[in-house]
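All remarks here apply to the structure that follows.
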Amino acid sequence: MTQSPEAASLRIVMAQLDFMVGDINGNADRIIAACHTAHTEHAADMIVFPELALTGYPPEDLLLRPHFIEDVEAAVERLCREITGVVAVTGYPLQRDGALYNAAAVIQEGAVVACYEKQHLPNYSVIDEKRYFSQGGSATVVNIGQVPVGLTICEDIWEPGPARRAAAAGARLQVNINASPFHTGKGTEREELLALRAGETGIPIV
């Protein structure tokens, strides 16, 4: 019997790990190990990693070094080879058509099956993403099992547009990966914001 989308469910692991800035190979090791644990110990359908997990956050001027981006691309290929049994969503810098994006890759069955480019780039306080990244502009929705999952990254969830575009594109669950700086009261502020966004779209947010 085919399960209806309304009745479909996913088991999701959120991997809140300490990724070191610049340690691409070490971070890839951590991602692969967490995927193995999610699959073997938690029977997860999907595991979600933070924003720019592969490079650590914030990578800053390391992004300006060509060999750094080449190392990232090699690490993504390695993740595709070594992640099995679970769908992984991880953050990384994506270079495409001469532009660099703060991106989220969906890795499934040996390939990057979808990629989302961050739409709202923060440029205040300790964050200066506009120095390094180009701005994305479109929704990304990918079917995980029977659930259409929309992707956003960090600052995207603080604005109504990206979540609404994902919902309009068919998302029934939203995954927002982030590496947001902490300050006193941030937890409550974040919960109120996510409740607002979920209420606007009628879609739960991970």
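The values are calculated or read from the model by the stated rules, or taken from the named source; none is laboratory data. Please read these numbers as outputs of a predicted model, since none were measured by experiment. Cβ atoms come from the backbone with ideal geometry, glycine included; neighbour counts cover every protein chain shown. We work out accessible area using only protein heavy atoms, side chains counted, and drop any ligands, DNA or RNA first. Shrake-Rupley method; radii C 1.70, N 1.55, O 1.52, S 1.80 Å.
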Give, rounded to the nearest 20 debye, the magnitude of the charge dipole that the stretch 41-96 has about its Cα centre when Lys and Arg contribute +1 at Cβ and Asp and Glu contribute -1 at Cβ.
-> 120
Counting alpha carbon pairs within less than 8 Å and at least 6 residues apart, what relative contact order, in whole percent, applies to the chain?
-> 16
How big is the gap, in Å, between the Cα center of the stretch 51-77 and the Cα center of the stretch 149-203?
-> 25
Descending semi-axes in whole angstrom, ellipsoid equivalent of the chain, from the Cα gyration tensor = 25, 22, 16
For the stretch 5-81, projected area of the alpha-carbon convex hull averaged over all directions, nm² | 6.1
Among DSSP beta bridges lying fully in the stretch 64-206, give the percent that are antiparallel, nearest 5.
-> 75
Taking amide H positions as placed in the peptide plane 1.01 Å from N, state which residues far from residue 136 in sequence (5 or more) or on other chains have amide H under 5 Å from it.
-> 118, 119
Kirkwood Rh and Cα Rg combined as Rg/Rh, the stretch 130-206 | 0.98
Karplus ³J(HN,Hα) for the stretch 190-204 (6.51 cos²θ - 1.76 cosθ + 1.60, θ = phi - 60°; Hz, whole; x = Gly/Pro) runs 5, 4, 5, 5, 5, 4, 4, 5, 5, x, 5, 9, x, 10, x
Expressed as a rounded percentage, what relative contact order does the stretch 103-206 have, with Cα pairs under 8 Å and six or more residues apart?
-> 21
Express the Stokes-Einstein translational diffusion coefficient of the stretch 136-177 in µm² s⁻¹, to the nearest whole number, given a Kirkwood radius over alpha-carbon pairs, 20 °C and a viscosity of 1.002 mPa s.
-> 214
Can you tell me the accessible area per residue over the stretch 1-96, all protein chains present, probe 1.4 angstrom, in square angstrom?
-> 52
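Where does the stretch 27-133 land on Rg/Rh, using Cα atoms and the Kirkwood Rh?
Values: Rg = 14.0 Å, Rh = 14.3 Å.
A ratio of 0.98.
DSSP loop (so not H, G, I, E, B), at most 16 other Cβ within 10 Å: list which chymotrypsin sites (Phe, Trp or Tyr not before Pro) in the stretch 102-203 pass both filters. Please list the in-between numbers first.
Working: sites: 116, 124, 132, 133, 158, 182; in loops: 124, 132, 133, 182.
Counting only loop positions with at most 16 other Cβ atoms within 10 Å, the chymotrypsin sites (Phe, Trp or Tyr not before Pro) in the stretch 102-203 are 124, 182.
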Divide, for the stretch 86-178, the radius of gyration over alpha carbons by 2.2 N^0.38 Å, where N is the residue count.
-> 1.05
The ³J(HN,Hα) series, computed from each phi in the stretch 143-152 with the Karplus coefficients 6.51, -1.76 and 1.60 at θ = phi - 60°, rounded to the nearest Hz and given as x for glycine or proline, is 7, 10, x, 10, 10, x, 10, x, 10, 9
CD proxy at 222 nm, helix term only [per DSSP H run n ≥ 4: -39500 (n - 2.57); per residue of the chain; nearest 500] = -9500 deg cm²/dmol
For the stretch 162-202, what is the charge dipole size about the Cα centre, in debye to the nearest 20, if Lys and Arg each add +1 at the Cβ and Asp and Glu each add -1 at the Cβ?
-> 200
Search the structure for amide H atoms under 5 Å from the amide H of residue 51, placed 1.01 Å from N in the peptide plane, and list their residues when 5 or more places away or on another chain.
-> 178, 179
Which whole-Hz ³J(HN,Hα) couplings does the stretch 74-79 yield from phi under the Karplus relation 6.51 cos²θ - 1.76 cosθ + 1.60, θ = phi - 60°, glycine and proline marked x?
-> 5, 5, 4, 4, 5, 4
